[in-house]
Structures are given as structure tokens and as C-alpha cells.
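The structure under discussion appears below in the form of C-alpha cells.
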Amino acid sequence: MIQGHGVNGLREKFVLGRQPEGFKVEGNFELISPIELLQLLAQARQSGAFGVPGGQIYIERGQPVHAQYKEARGREALFEMLALRDGQFRFLKGERATQTTLEGSLDNYLLEAIRFLDTRLDLSPFDEVELLDHERMGRITLDADEISLIKHLARPMSLLELSERCGLGVDAIGLHISHLARLSLVQINARTPRTVRLRIERLEKARGTVVQVDTHLLRVWRGQYGAFGNLEVKDGERYLQVAIEPRSQLGKALMLSADALRHYGLKPGQEVVAWPSL
């Protein structure tokens with residue numbers, strides 16, 4: 001397992017090294033972007049599975065043959081994974097796909113993905129989405145996730161709320177909302193990062209009192225307020241200060257180990273209000 005190497009270190013491992021079946025590389029997207037990683041794998045003509053929580057891209061001799069991410073398959077799944085800006089990844093050499101949903105060269109997919117991602121709006125999880133034009137919906141071809149998003153927009157709703165309602169990550173929601181905004185179907189109302197209502201969930205097989213919070217939320221808060229390492233949490237009339245660490249794809253969940261639940265007197269399923277401790 002290799003963890004914490006820079007891009008040059010990964011290039012050396014992929015391109016210059018000879019790896020056995022089952023060779024594994026793990027890291028996070030602060031180290032290298034999904035596009036850069038796939039380019040290295042293609043350059044080295046690797047075969048295996050590039051995985052993130054909820055999805056995998058299978059490649060054969062550097063070319064993509066199958067992608068799946070949440071409920072999406074093929075091109076849509078590939079683009080959603082390439083859009084990820086945070087979270088963990090791993091590459092497991094020698095893994096084989098059981099189906100084929102992608103054909104053609106990786107370079108062509110990456111060029112298309114880059115053009116697609118360049119049109120993504122810079123959205124915050126706190127930004128509010130408002131449905132504009134009901135009549136045009138019947139005249140425009142939308143994918144299943146976009147139709148689902150629109151069905152939830154009976155009232156203006158933040159990206160974070162939409163993520164919770166639809167079961168999609170905030171990054172995936174942002175891509176779809178960007179597309180809907182370009183089609184003039186929705187309007188984005190910018191909102192300053194503020195307090196957010198989060199749901200307490202139990203973190204299995206973990207110890208200690210550090211609390212996990214969504215990486216995207218932390219990035220937006222820190223972009224607005226600067227560096228901080230704790231959250232203020234309001235539980236009814238109680239105010240708690242909790243140490244935090246990032247974890248991708250949590251949305252509105254605040255993850256606590258059994259130790260942390262006892263320490264802070266919280267219970268899975270309850271909701272609390274949280275904001276940066278500055």
C-alpha cells in the first residue's frame with residue numbers, strides 16, 4: 001500500500017515499477033485529481049479497478065471499459081467520478097469488470113469530461129436552488145437524476161438539502177444543478193455559509209471523541225471564515241464544542257464513534273445545529 005506520495009511518486013510507482021496482481025495504491029484527492037490519476041494509469045497501460053466510495057472505474061491496458069457510481073453506469077458514472085474534488089481513492093491492479101459500458105479511448109472521455117467540468121458553476125452546499133420554468137421541462141431531455149432533483153424543488157432548497165433528499169453527493173448535485181441552470185430551468189440564489197442542521201449517526205468500528213463532518217462543508221466554511229478545527233454544536237439548550245476531521249460524501253450526517261456519543265451525550269438519529277468554532 002502506498003499513501004501520501006506526491007504526483008511524481010505515484011508516476012514512478014505506476015509507470016516505472018512492475019507491480020504484481022493485487023498491487024494496491026490508496027490516497028485522497030488532495031494528492032491528485034481523478035483525471036490526473038487516470039492519465040497516469042493510461043500512460044502505464046495498467047489494468048484494474050480505480051475505486052472511490054460508491055463507485056469504480058475499470059480499465060484494461062489503460063483504457064476504460066466500465067464505470068459505475070451510485071445508480072449511474074457508463075459515461076454518466078465516469079463523469080460524476082471525474083468531478084469529485086475530495087475523498088479517498090484506491091487502485092487495485094488486476095481487478096476485472098463483469099460488464100462493458102464504455103468504449104473508446106480514455107483521452108476522448110477525458111477531453112469530453114474537461115469540457116463538461118469547465119461549465120460547472122462554483123456552487124456552495126448552502127446555495128439555494130429555485131425552480132423557474134415548469135413548462136420547458138417537457139421539451140428538454142433530462143437524465144433520471146435531474147428529473148428527480150426537479151421533483152424535489154416544490155420550494156427553494158439548498159444543495160445540502162437536495163443531497164439529503166435525493167441520496168446523491170454534493171459534487172454530483174452541483175454538476176446536475178449547473179446543467180439545469182444553463183438550461184434556465186433553475187435559478188441559483190447564493191447564500192453565505194452559516195449554521196447547518198446535521199443528523200447524528202454512529203461511526204462503526206471507531207474509537208475516540210473526534211467527530212467526522214462532510215469534507216465539502218468544511219472546505220466552504222474554511223473558505224469563508226478561515227482555518228478552524230472544532231465545531232460548535234447546539235443540542236437543544238446545550239452547547240458543545242467538538243473536534244472534527246473531514247470525510248467525503250457525508251452530506252448532512254455528523255459521524256460519532258460509540259465513545260464520542262457517550263462523551264457528548266448524543267444519540268444516533270437526533271438532529272443538532274452546527275457552525276464553525278472561531
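The values are calculated or read from the model by the stated rules, or taken from the named source; none is laboratory data. From a predicted model like this one, the values you see are computed outputs, not experimental measurements. Cβ atoms come from the backbone with ideal geometry, glycine included; neighbour counts cover every protein chain shown.
For the subset of region 171-229 comprising residues that are of a type in the set (S, T, N, Q) and farther than 13 Å from ILE244 by Cα, which member is surrounded by the most Cβ atoms within 10 Å (Cβ to Cβ)?
SER178
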Practice problem: Would you mention how many residues in region 101-115 are outside any loop (DSSP other than H, G, I, E, B) and surrounded by 15 or more Cβ atoms within 10 Å (Cβ to Cβ)? | Solution: 5
Quiz item: Out of the residues in region 230-254 that are outside any strand (DSSP E or B) and surrounded by fewer than 14 Cβ atoms within 10 Å (Cβ to Cβ), which is nearest to the chain's Cα centre (by Cα)?
Solution: GLY236
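Among GLU76, GLU60, which is farther than 25 Å from LEU218 by Cα and modelled with pLDDT of 90 or more?
Only one candidate passes the filter, namely GLU60.
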Self-check item: Selection within region 240-274 - of a type in the set (Ser, Thr, Tyr) and closer than 29 Å to MET81 by Cα
Solution: SER248, SER257
Quiz item: Among the residues of region 255-273 satisfying the criterion of being assigned to a loop (DSSP other than H, G, I, E, B) and not basic (Lys, Arg), which is farthest from GLY54 (Cα to Cα)?
Solution: GLY265
Self-check item: Where a residue in region 160-173 is touching a residue at least 12 places away in the same chain (Cβ under 8 Å) and its partner, wherever it lies, is in a helix (DSSP H, G or I) and of a type in the set (Ser, Thr, Tyr), with Cβ under 6 Å and at least six apart
Solution: CYS166/SER148; VAL170/SER163; ILE173/SER163
Quiz item: In region 128-148, what residues are surrounded by fewer than 11 Cβ atoms within 10 Å (Cβ to Cβ) and at pLDDT below 75?
Solution: HIS134, GLU135, GLY138, ARG139
Exercise. Could you tell me which of the residues LEU153, LEU159 is touching a Gly at 6+ places or on another chain (Cβ under 9 Å) and either over 21 Å from ASP122 (Cα atoms) or at pLDDT 85 or above (or both)?
Key: LEU159
